[in-house]
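Notes follow once the structure below has been shown.
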Amino acid sequence: MKHIFLFDLQCYLRRAGFYIGGLFLLAAGIFAGLQFNLSAGDGIYLNSPYSVGFTSGMLSLSLIFIATLFTVQLLSRESDSGFAAIMYTLPLKRRQWVWGRLLSVITLSLAGFVLIMLGFAAGQLLRSGQEMRPGFRLLHYVYPLLVFGLVNGLFVCSVLCAVGWYSGNKLVVSVTGILLYMLYMISLLFSNSPFMAQSLPQSAAAQQVSAIADPFGLSAYFLSSQEFTVAQRNQSIVPLQSFFLVNRLLVLAVSAALFLLAGRAFSLSEKRRRHRKTGRPADNRPAPAALTPGYFTTAVKAGTTGGMRALLSFVKLDLVYAFKSIPLVMAAVALLFYTGMEMYAAIEKGVRMPQQYASSGLMAVTISGNFHLPGVFLLAYFANDLYWRSSASRFALVEKTTRFAGAKALAHWISSSLLALGFTLLLVAAGILFQLAYRYPHFDAAAYGGAVLFNTGPLVLTAGLLILVNAVAGNRYAALGISLVFVLLTASPLARKILPFPLLRFQGGYPGVYSDFNGYGIYLSSFAKRLLCGFCFVSALWLLKRITGTHKLRFSTCLALAAVTLAGAYAGRAFLDGYEPGRKEARLAAAIAYEKQYRSWQHRPQPVVTDVQATVQLFPQRRAYTIEGHYTLQNKTRTAVDSILLNFNEDLRLIKAGLLYDSACLPISRHVTAIRLPRPLQPGDTAGLRFTVSCQWAAVNGHDPFNAILGNGSFMRISRYFPQPGYLAGREITDKNIRRQYRLGAATTEKKLDAPKSPASDFTHLDMTISTDSGQTAIGVGELVEQWQQRGRHYFRYKTPEPIPFRFAIASAAYKTRELRHNGIRIQVYYCPTHAENVAHLLRNARLALDYCVQQFGPYPYRSLRFAEVSSFTRGFAATAYPASIFMTEDMTFHANIRADQQQDVINELAGHELSHLWWGNNQVAPDEREGATMLTETLAMYTELMLYKKMYGRARTLDRVRLHRQIYAAEKGFAAAQPLYKVTAENRHISYSKGAVAMYLLSEAAGEQQLNLALRRFLQQHRYPAPPPDSRDLLQAFYAATPAALHGKIDAWFKGTGPLD
């Protein structure tokens, strides 16, 4: 054993590539330490023991690739070098050989991970900044190296060695490595990982099961540290106890068992090895006498026909070889398993979200989001295997003497492309099976067709480039290594950093969405243009290789080269139409300049907008809109205003604008303009602002999810793109590293609760006319007072009867509509014609929610209520409420299969939560923007949601929802600084939503629901507009006034405390 181990080490220590690889791993670790920002939460240092621990666990993923490389090389070294026949004649004991070789694999693999960890520690030691804790503690790096690196390394090596010796196939070992990676990601999916599961928490039982079963230990790590505070995460390592200890011991036991199986699988007898591979005894019969036939010749048909027949013959041979190989079957099984798990997760969502309908769009997007990256790596292996197959069998020299040997490379490209197509179609078939299994047989050919284009298209181009790489490389294994690095740099997410110019990323996939409103939108044709440009580029490389290989300059080849060059240039130009280079850098520079130049305006008195009159012209097919608006600006401060700072959104084109004051129009030509008034604007005085702006986006730049003007299903949170007066703290850069780099100082923090109150609300009257394409309906906020058609366009005029907060939105789509009247209120639902499943249920719940809110809190301020569905191109919310209008995204809540689990009635939650915002936060009461503001909006909306759920489903099921919110709060509280509910800030949603829901429910049980609702009704009457905006202390005073003194201590504990909710 010792001699075999030392022999293996000496072989590697004599290779320059071994040291180059070690330096690469060390550099990768340094890069991770310097650049990784895997923060577990606010206030948790990047070099805290907790952060170092889970980052080390994530870095242990590299063990899969390191161990796969050494296993492939060491387990097949003798057979690759032709030394196997001699080795089997040596007087070696199996135990010596097995344990010597296993020790080599383990030692080399762990050495590679140690280099990564050394680099990671060095990188963090070189790093500085507010996110780093001063000092260096060696134990914080050694501990995860042992509990993650050593244990995970043993597990990975045991699996790979067992598979390698049982199969005797290197590609099977490589595919097994990919399967281990998939298992790693699935373990994160079903753990309470802060990266993947925080928004969709799993049940406590599921977390415990995954903590024990997760072979990489991260699930157990997260579960064991669930109750840690921010201070504990910064100071203490996660102890090896409870589920964490059980998991690590179980993994060690499994690893030991697999090592024993690997030892049994290995044999030093060539005869037994052949017997295990074939399943048949060796044939010892004497060979028949050699036949000596005469020589024969055959005529080879030259020309196009003969070339095509030869090409098809080569393709057939490649495919027959591939389909008979075990690696292809393993790869197909691995892809089906991995993508199937992702499809299941996309449908089921989790305990907090309802089951989604298994639509073709959902399945297609899941395929596109998960197949492309594994696909390019699989293609690197198969392209290499097909290209070097003849060389491995010593038949290449004979093939090269044939008439059409030059067609073989093209045949390899075609064969690899057909394999990519086969994998894609296999996953499409899996998607269809999921649709049938979930009883949603509504098949959309366009969705699946897009999945084929987005995956097979780039893979075909990648295959063409990989064949060229193999042709240029002189060695099979060198070609494989170069191919893997090549696809990593050009076809993986890393390509965005390596290739910033979007046209060069033609090997990339489509990470976007599919909408039943709009399909893939403009992204489909844009992707096809880039794909065509890439195909022309790859074809040009092949033609150039042909010219250099034959040393002949044929007219047909030159003509083809010119044709693909022109076609590629045309397609590339079409793809780049509207491209804005350096957009991200320009935005950063603008934000830095804005803060440096105008932050001094932060506390200067400024007027507010009190009246908005606007005409918005939507052009969905052009993905564009134009706004013509007029503001009334009023000085509501107690001092005169001598200058006004006006901000226009940088993403919109400023056509013209002017400030109307003192019978003059002061022109505005820049997006940020500070205007010195000819005379100060006195308290109570007004000025006007007239402006015209436009917006249009191109697919090459991507779209803003809150500004998604589309062919169908548009949604724009349009108030964000209207001009605003005064300094906008929201434009400040929040990244601490960038702020430190440009010496911007500390960013503006949320106003403290005890800061002086704002004197008046900035509510505004709104009168907006929206025009859109014929056949579409435009949805605004307020009451629809007029609609008409003119010159092939549809016009809608919306007006608010009372002032509202400066917050409004627009949607436009080809809607189908259902409505009813209830107590004089017109309730309407605008939805995609294929999404009618939940409309009737939504109307019923809207009536219940209206009745409850009106009876308990006060009158509904409008004559109508609209629910409008918008496309999945809009992100950032499941539903959002505006005066008289509630907008819902199609892929989050509206089109959910609530019949699959009645305990997840998201429609009931949607109606209760969002409709209550018309009392709390978006219409009648808008809190002062400071600490605790979300308690007056989201916490009260969560309370209303729970009470409506209780009204429909009873107290027992409502307690289940309360327990769920307790679990969400418990799981997330350790990743942020502790805040009392009445001082909660906007980013701590687990406090304002989940803890707030539990606290309000406990208060309703203690004080009585009716008494609590009476307190809320009085609070609303006292603080609704035009009263000054309230804060959370005002709400607590309302609670105190409506409850006995004996309950005040509990109220303080629930709302002012940070401890557990009893």
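Key figures for this structure:
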| read-out | value |
| --- | --- |
| Flag if residue 801 is in a loop (DSSP other than H, G, I, E, B), more than 24 Å from residue 893 (Cβ to Cβ) and in contact with a strand residue (DSSP E or B) (Cβ under 9 Å, 6 or more places away or on another chain) | yes |
| Residue check, residue 818 assigned to a strand (DSSP E or B), touching an Asp or Glu at 6+ places or on another chain (Cβ under 6 Å), charged (D, E, K, R) and at pLDDT 95 or above | no |
| In segment 958-987, the residues that are under 25 Å from the mean Cα position of the chain (by Cα) and either part of a helix (DSSP H, G or I) or buried (at least 22 other Cβ atoms within 10 Å of the Cβ) (or both) | 964, 965, 967, 968, 969, 970, 971, 972, 973, 974, 975 |
| Filter pass, residue 325 being at pLDDT 90 or above and over 21 Å from residue 444 (Cβ atoms) | no |
| Residue check, residue 85 in a helix (DSSP H, G or I), surrounded by fewer than 18 Cβ atoms within 10 Å (Cβ to Cβ) and modelled with pLDDT of 80 or more | no |
| Where a residue in segment 562-582 is farther than 19 Å from residue 542 by Cα and its partner, wherever it lies, is surrounded by fewer than 16 Cβ atoms within 10 Å (Cβ to Cβ) and among the aliphatic types (A, V, I, L, M), with Cβ under 8 Å and at least six apart | 580/586 |
| Segments classed as helices (runs of 4 or more DSSP H), wholly inside segment 202-257, with at least 1 members that are β-branched (Val, Ile, Thr) and either free of Cβ contacts under 8 Å to residues at least 24 places away in the same chain or surrounded by 14 or more Cβ atoms within 10 Å (Cβ to Cβ) (or both) | 204-213, 230-235 |
| Where residue 604 falls short, out of the listed (1) at pLDDT 95 or above; (2) assigned to a loop (DSSP other than H, G, I, E, B) | (1) |
| Near pairs, Cβ below 8 angstrom, 6+ apart or cross-chain, from segment 851-869 (outside the structural domain of residue 1015 (by TED's automatic domain parsing)) to any residue that is acidic (Asp, Glu) | 861/802; 862/783; 863/783; 864/783; 869/890 |
| Segment 882-902: number of residues that are within 15 Å of residue 809 (Cβ to Cβ) and either among the aromatic types (Phe, Trp, Tyr) or within 25 Å of the chain's Cα centre (by Cα) (or both) | 4 |
| Residue 905 more than 21 Å from the chain's Cα centre (by Cα) and either on the phi > 0 side of the Ramachandran plot or of a type in the set (Asp, Glu) (or both) | yes |
| Count of residues meeting criterion [in a helix (DSSP H, G or I) and either more than 29 Å from residue 410 (Cβ to Cβ) or out of contact with any Ser or Thr (no Cβ under 9 Å at 6 or more places or on another chain) (or both)] in segment 489-536 | 20 |
| Residue that is surrounded by the most Cβ atoms within 10 Å (Cβ to Cβ), among those in segment 355-392 that are farther than 17 Å from residue 429 by Cβ and among the hydroxyl-bearing types (Ser, Thr, Tyr) | 387 |
| Only listed residue being in contact with a Phe, Trp or Tyr (Cβ under 6 Å, 6 or more places away or on another chain), outside the structural domain of residue 1034 (by TED's automatic domain parsing) and surrounded by 15 or more Cβ atoms within 10 Å (Cβ to Cβ), chosen from 717, 739 | 717 |
| Spans of strands (runs of 3 or more DSSP E) in segment 846-906 with at least 3 residues more than 18 Å from residue 719 (Cβ to Cβ) | 864-870 |
| Members of segment 1021-1046 that are surrounded by 17 or more Cβ atoms within 10 Å (Cβ to Cβ) and in contact with a helix residue (DSSP H, G or I) (Cβ under 9 Å, 6 or more places away or on another chain) | 1023, 1029, 1030, 1031, 1032, 1034, 1035, 1036, 1038, 1039, 1042, 1043 |
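The values are calculated or read from the model by the stated rules, or taken from the named source; none is laboratory data. The model shown is predicted, which means the values in this text are computed figures rather than measured ones. FYI the Cβ positions are ideal-geometry reconstructions off the backbone, even for glycines, and counts take in every protein chain you see.
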